[in-house]
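Below is one structure, written out as structure tokens, with a few remarks after it.
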């Protein structure tokens, strides 16, 4: 907690909290990153689960790579937002639920991309791999859960 | 803009419902955000084809994705109207909201241009300078829509 309090007292945290370019810009970019990361993960899952006509399989890991870029944007902006009020966030239950779901989403995303790349190099048809399908469904569920929890941070607890 | 002409919405039963409890507004926001992800994901799939990220796609698949994109847009449009009705004065004379509407209209015209002049490319593996421009422009415009949407709160009177 002392560490979080130290972070909150930095000039950067002050900038995030008081500048018009700080919190609003970071939260806006955070939403763009969310739409890219979750949006592309959702569509890869729709392809893998046969809910859309097939996209050539070599493109699926490429789409997930873009999703990872979206996630990276979220990670950077999310950390900057966290630094400004870390001690408050860390005690907010909704935030902790969101972070747990984001962690599962991120692991699913990274694992799925790695797994699909491995299947491609061993000439296995990605569309016939049931493990990928299941993990991609977990990914959809956790992204949706994380987005809902993220929105509710503003309403549950005393952060805002 | 002339959004003050819609101030009468605040007196409707719809507005009353949106503002009626502590649950409705957050619930609508959750729907708006989840739908946004479906929208942007589908948009990426289509625009990446225009850009040439991949070329060998079936036009039937793009059509399926387009239906999802349109459905997600409809959900966001509808929830957006509910937000506007429920807290009209947050949106009137709000530069972030006005810019968001302007960007949505521009993105709509960009999509119309794609439909009229470029959709035939989907039956080929061709990518043109114009299709690359339209694809990137679309992604940029919609990213701008998200940014402006998030900024509305900070520019409210």
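The set of residues in the range B:48-92 that are more than 19 Å from residue A:51 (Cα to Cα), free of Cβ contacts under 8 Å to residues at least 24 places away in the same chain and assigned to a helix (DSSP H, G or I) comprises B:74, B:77, B:78, B:81. Looking across the range A:23-54 at every residue that is in contact (Cβ under 8 Å) with a residue 60 or more places away in the chain and either part of a loop (DSSP other than H, G, I, E, B) or loosely packed, with under 13 Cβ neighbours inside 10 Å (or both), the one that is farthest from the other protein chains (Cβ to nearest Cβ) is identified as A:49. Of all the criteria given as (1) modelled with pLDDT of 95 or more; (2) surrounded by fewer than 19 Cβ atoms within 10 Å (Cβ to Cβ), the one not satisfied by residue A:17 is (1). All of B:76, B:110 fail the test of being more than 14 Å from chain A (Cβ to nearest Cβ) and modelled with pLDDT of 95 or more, apart from B:110. For the range B:37-61, a residue qualifies if it is within 25 Å of residue A:143 (Cα to Cα) and either at the interface with another protein chain (Cβ under 9 Å from one of its Cβ atoms) or touching a strand residue (DSSP E or B) at 6+ places or on another chain (Cβ under 7 Å) (or both), and the qualifying residues are B:37, B:38, B:39, B:40, B:41, B:42, B:43, B:44, B:45, B:48, B:53, B:61. Among the residues of the range B:19-26, is there at least one that is within 21 Å of the chain's Cα centre (by Cα) and either under 30 Å from residue B:115 (Cβ atoms) or surrounded by fewer than 19 Cβ atoms within 10 Å (Cβ to Cβ) (or both)? Yes, the range B:19-26 has at least one match.
Rundown of residues vs (1) out of contact with any strand residue (DSSP E or B) (no Cβ under 7 Å at 6 or more places or on another chain); (2) away from chain B (no Cβ under 13 Å); (3) in a helix (DSSP H, G or I); (4) under 27 Å from residue A:11 (Cα atoms), yes/no style:
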| position | (1), (2), (3), (4) |
| --- | --- |
| A:77 | yes, no, yes, yes |
| A:88 | yes, yes, yes, yes |
| A:110 | yes, yes, yes, no |
| A:113 | yes, yes, yes, no |
| A:134 | yes, yes, yes, no |
| A:155 | yes, no, no, no |
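The values are calculated or read from the model by the stated rules, or taken from the named source; none is laboratory data. Just so it is clear, the model here is predicted, and its values are computed rather than measured. We place every Cβ from the backbone using ideal geometry, glycine too, and count neighbours over all the protein chains shown.
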